[in-house]
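First up is the structure itself, then whatever we jot down about it.
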Amino acid sequence: MSDFWTDTLFFGGVISLLGYEVGLLLKKRFRLAVLNPLLIAVCCVIAVNKLLGVDYETYNQGGQYLSYLLTPATVCLAVPLYRQLSLLKQNWKAIVCGLSAGIVAGAVGILALSKLFGLSHEQYVTLLPKSVTTAIGMGISQELGGLVAITTATIIITGILGNVIAEAVFALFRIRHPVARGLALGNAAHAIGTAKAMELGEVEGAMSSLAIAVAGILTVVSASVFAPLL
C-alpha cells in the first residue's frame, strides 16, 4: 500500500491540511480548548499513516512542502508587531526583563529536572530548545548534539500544551494585561502560542510575535551557556 502513496507526491501535505481542517471544524463545533486544531491534525496524520501502512519517509515527501513555509510564516509575524510599535517602545523595559526571566527560568527548570531524572547530556540538550519555534530549535539541538527528531516533537507538544492551558493559567493567576499575556504565550509556546495570542487580541498577538523572535535569539545564547552544565 505504501508503494502507491510513494508515487503520490503531495500525499503528506494533503492529509496534514485535511487533518487541520478537521481540527478547525471540531474546535468551532464544540469550543473546547483540548480540541486544538494542530493536535487533531497530528492525531489524524498518525492514524491515516498507520491505517495505510505509510512510513515517515513516504509521508514526508509531501509534508516537507509545508515545512518550507514555516520560516516565511514566522517572518510574517512581524506585521502585527509593527502595528504595535508605539506600545513596544512604552513597555520595552518590562518586555526585556520578562523575556529574559522566562528564558532563564525555562533553562534552569530543564537543568533541574534533567538532574532529578538522571537524563544524559544528549537527552538534556535535546530538551533545551523546547520553547522556541521549530526552525530555531532544530538548529540548536543539532549544534549541541541533541536528538533533533525528539526536539521537534517536544517543541510541538510544548506549543500545543501552552495553547490549550493558556486561558486557564491566565485566569488562575489573574494575568489580565495584554502585553504580559502575549509575552508569556510567545516565550513559552512559540508560534502555536502566538496563534492563541492572536485569538485573544491584536496587542497579545503583536507581543507574542516579538517574544518568538527575541526568545529565539536569547535561547541560542542561553543554550550554549547551560549545555555544559550537565
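Any lysines with Cα under 27 Å of the residue 89 Cα? List them, leaving off those in the same chain fewer than 8 positions away.
196
What shape does the stretch 3-82 have by the C-alpha gyration tensor, where a ≥ b ≥ c are the square roots of the eigenvalues, rounded means a/c under 1.5, and otherwise prolate means a/b greater than b/c and oblate the rest?
Here the stretch 3-82 falls in the oblate category.
Pop out the carbon and sulfur fraction of the accessible area of the stretch 68-155 as a percent, whole number, probe 1.4 Å.
70
Remind me, relative contact order of the stretch 75-153 in percent, using alpha carbon pairs under 8 angstrom and six or more residues apart?
20
Report ³J(HN,Hα) in whole Hz for each residue of the stretch 136-145, in order, from the Karplus equation J = 6.51 cos²θ - 1.76 cosθ + 1.60 where θ = phi - 60°; Gly and Pro get x.
7, x, 5, x, 5, 4, 5, 5, 8, x
Using Cα pairs closer than 8 Å and at least 6 residues apart in sequence, work out the relative contact order for the chain, in percent.
20
Would you compute, from DSSP H runs of 4+ residues alone, the mean residue ellipticity of the chain at 222 nm, taking -39500 (n - 2.57) per run and dividing by the full residue count, rounded to the nearest 500? Let's see the in-between values first.
Working: 13 runs with 188 residues, N = 230.
The per-residue figure over the chain is -26500 deg cm²/dmol.
Per-residue accessible area for residue 143 at 1.4 Å probe radius, Å² rounded to 10?
Number for this one is 150 Å².
Leaving out ligands and nucleic acids, note down the accessible area per residue over the stretch 49-155 with a 1.4 angstrom probe, in whole Å².
58
In whole angstrom, note down how far apart the Cα centers of the stretch 103-135 and the stretch 210-229 are.
So the two Cα centres are separated by 11 Å.
Where does each of 222, 208 land when they are ordered by accessible area, with a 1.4 Å probe and the largest first?
Largest to smallest exposure gives the sequence 222, 208.
The values are calculated or read from the model by the stated rules, or taken from the named source; none is laboratory data. Everything numeric in this text was worked out from a predicted model, so none of it was measured. Surface accessibility is based on the protein's heavy atoms, side chains included, excluding ligands, DNA and RNA. Shrake-Rupley method; radii C 1.70, N 1.55, O 1.52, S 1.80 Å.
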